[in-house]
Structures are given as C-alpha cells and as structure tokens.
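Engineer: Have a look at this one.
The values are calculated or read from the model by the stated rules, or taken from the named source; none is laboratory data. None of the values given here were measured: they were computed from a predicted structure. Counting neighbours? That spans all protein chains shown, and the Cβs are built from the backbone with ideal geometry, glycine included. Accessible surface is based on the protein model in full, side chains and every heavy atom, while ligands, DNA and RNA are left aside. Shrake-Rupley method; radii C 1.70, N 1.55, O 1.52, S 1.80 Å.
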Amino acid sequence: MSASSMIPDPSSGLHRLDSGHEHVGLLELAHPPYNYLNAPLLAALADTLEAFDADPGVRCIVLAARGRAFSAGADFGGGANDPESLYTQAMRLFRTSKPVVAAVHGAAIGAGLGLALAADFRVTCSQARYSANFNRLGFHPGFGLSVTLPRLLGPQQASLLLYTGRRIDGTEAVRIGLADVLAEEDKVRVHALALAAEIAASAPLAVTSTRATLRAGLADEVQRVNERERKLQLAQFATEDFREGVQAMAERRLPQFRGK
C-alpha cells in the first residue's frame, strides 16, 4: 500500500483526514474520552508518520485531536500498555524526518505533553492546559520530557514545571516558549494547518535537511534517557506515594506524600 493511500485503522484511535492543503497531512487522535495514549495508538501514529516520510506528496503534518483534550496522558492499564511497550513506540516519533505541527486545543498532560513536545511546533489557545504532572502523581517523568522540556525552555524553567507539576494555560505556554502560536479555541486547527502549509511551501529537501540539523542527536538523547525514565517509573509504581498520588487525583484533593 502506498503512503498516499494508507489510512490508519480507526480502532487504533487515530484517523487520517483531508487537510484541505496541498502537501499537508492531517492526523487526528480520536480515543475518547480524553485521548489517553497507549501502545497501539502510538504505534499507529509512528507507522503513519513513517509512511508520510516515504511519501513525496506530504511535506508537513498536523497532529490534532477530537474531543475536549489533546491528550490527558498515558493509559498504563493492562500489560500491553506498560511503560516499556508504550515508550518503545513513542521513541519512534523522534526518528521521523518531516515537520509536525501539533494543534493543542485542550489538555496536554503528562505523556500528552510529551507527545506535543515530540512535534516541531505547537498551535494552541488560552483554554488549553499543559502540565508535566508526573511528580504530583508520585513517579518520574517519561516520554523523553527529561530531554525535550529543558531543550525547549532551558533547564531552570523546565525544572520548575517538572518538580511542581503545575498546570499552565495556553497563553502562559506561548509566553514561556512552550507553544508557538496562540489562536481562538475554535481556530486552533485552522491556524495549525495554515502554519503547516507555510512550511510545506518551502523547498522540501531543504526543510527536512534543516530539521535534521536542528534536531541532531535529539532522538539518540531521548532514547538514552528513556531507559532511565522507564526504570525509575517501574520502581516508583510500587511505592505508597504513587498510590496516594493516583488516589488524590481521583478524589480531587491535594496528595499527602510520605516519601515511601
């Protein structure tokens, strides 16, 4: 099957749509209720991005989402979605060659934030919410955020977001450089497609080579730190603090961590 005719299996939670723009591919997360990420969904996304890499008719990709959230995090339920299988698929996203614009209209939380930062650019709105909430749940950050967040914001600002797990809106995200374009909530996808079309109007070989230069070493660095992230996450899933963090989130209260 050619890349241009390839359509992801809708059961994976990923849809390929007509972008309405020449040389722009459009993918939509559609995994209700909050586009939680799992290994099959990330595998379908990586497969499709790799197919777009092989398709000369596609020069830039928009990753959007259906529903209230861009992605509210990872679904670690069940053996197929443990950190190892999930992040093995996620790491493939850092090795694709064509630019990706994320249209973040709602929550980009935890692994959802990691997915947004795997893209080259983020178009957002003031109603969007961003959080690296791992420490607030009692475990180590994942999805390569130990690399991508400091690379984007600098170590000090990244450390602040990682340690506190604080939630910021789209306006603040643009102000600190976490996102690139601020749009009205119902126009996020429109502006993301417009940015992708602008990128696609440049010489494609020049764009992909420039991207490779700017992102040189990123995939290898993310892969290296991912080994540490996964090891620490698996260990911390067995702690009292993790159980307290998850329970506190479910009960919508502040967690009472004991360091155990």
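Engineer: Helix 218-236 versus the longest principal axis of the chain: what angle, 0 to 90°, nearest 10, using Cα atoms?
Structural biologist: Helix 218-236 sits at roughly 30 degrees to that axis.
Engineer: Charges on Cβ only, +1 for Lys and Arg, -1 for Asp and Glu, centred on the Cα centroid of region 28-186; of 140, 90, 37, which one is farthest towards the dipole's positive end?
Structural biologist: Of the candidates, 140 comes out farthest on the positive side.
Engineer: Something else about it: Restricting to DSSP H runs of at least four residues, report the calculated mean residue ellipticity at 222 nm for the chain, -39500 (n - 2.57) per run over all residues, nearest 500 deg cm²/dmol.
Structural biologist: -13500 deg cm²/dmol
Engineer: Ranked highest first by the average count of other Cβ atoms within 10 Å around their residues, in what order do 249-257, 107-115 fall?
Structural biologist: For the peptides 249-257, 107-115, the packing ranking is 107-115, 249-257.
Engineer: Scan around residue 105 for amide H atoms under 5 Å from its own, H built in the peptide plane at 1.01 Å from N, and keep only partners 5 or more places away or cross-chain.
Structural biologist: Correct list: 70.
Engineer: Output the Kirkwood hydrodynamic radius of the chain, Cα pairs only, in Å rounded to one decimal.
Structural biologist: 18.4
Engineer: Can you list residues whose amide H is under 5 Å from residue 26's amide H, if they're 5+ apart or on another chain and H is modeled 1.01 Å from N?
Structural biologist: 17, 19, 62
Engineer: Just to check I understand the Karplus step: with θ = phi - 60° and J = 6.51 cos²θ - 1.76 cosθ + 1.60, what whole-Hz values come out for region 83-89, glycine and proline as x?
Structural biologist: Per residue, the Karplus-derived 3J(HN,Hα) values read x, 5, 5, 5, 6, 4, 5 Hz.
Engineer: Could I ask something else about it? What order do 93, 17, 153 take when sorted by accessible area (1.4 Å probe), most exposed first?
Structural biologist: Accessible-area ranking of 93, 17, 153, largest first: 17, 153, 93.
Engineer: Another question, if that's okay. Keeping every protein chain in place, order 231, 98, 187 by accessible area at 1.4 Å, biggest value first, i.e. largest first.
Structural biologist: Correct descending sequence by accessible area is 231, 187, 98.
Engineer: Now for a separate question. Report, in degrees rounded to the nearest 10, the 0 to 90 angle that the Cα long axis of helix 155-164 makes with the longest principal axis of the chain.
Structural biologist: Around 50 degrees separate the two axes.
Engineer: Under a cut-off of 29 Å between alpha-carbon atoms, report the lysines in cross-link reach of residue 187, not counting same-chain residues fewer than 8 places apart.
Structural biologist: 98
Engineer: Oh, and also: Would you list which lysines come within 22 Å of residue 231, measuring only between C-alpha atoms, while excluding same-chain residues fewer than 8 positions from it?
Structural biologist: Hits, sequence-local ones excluded: 260.
Engineer: Further question: Could you pull out every residue, at least 5 positions away or on a different chain, whose amide H is within less than 5 Å of the one on residue 14? Hs are placed 1.01 Å off N in the peptide plane, and Pro or chain starts have none.
Structural biologist: The answer is 30.
Engineer: Right, something else. Tell me the angle of helix 39-53 to the major Cα principal axis of the chain, expressed in degrees between 0 and 90 and rounded to the nearest ten.
Structural biologist: 30
Engineer: What ranking do 118-124, 49-55 get when scored by the average of other Cβ atoms within 10 Å per residue, highest first?
Structural biologist: The most tightly packed comes first, giving 118-124, 49-55.
Engineer: Could you grab the relative contact order for the chain? Cα pairs under 8 Å, six or more apart, rounded to a whole percent.
Structural biologist: RCO, the chain: 18 percent.
Engineer: Report the Cα centroid-to-centroid distance between region 103-179 and region 33-57 in angstrom, as an integer.
Structural biologist: For region 103-179 versus region 33-57, the Cα centre distance is 21 Å.
Engineer: From the phi of every residue in region 118-128, what ³J(HN,Hα) in whole Hz does the Karplus formula 6.51 cos²θ - 1.76 cosθ + 1.60 yield, where θ is phi - 60° and glycine or proline is x?
Structural biologist: Running phi through 6.51 cos²θ - 1.76 cosθ + 1.60 with θ = phi - 60° gives 6, 6, 7, 9, 10, 9, 8, 9, 5, 7, 5 Hz.
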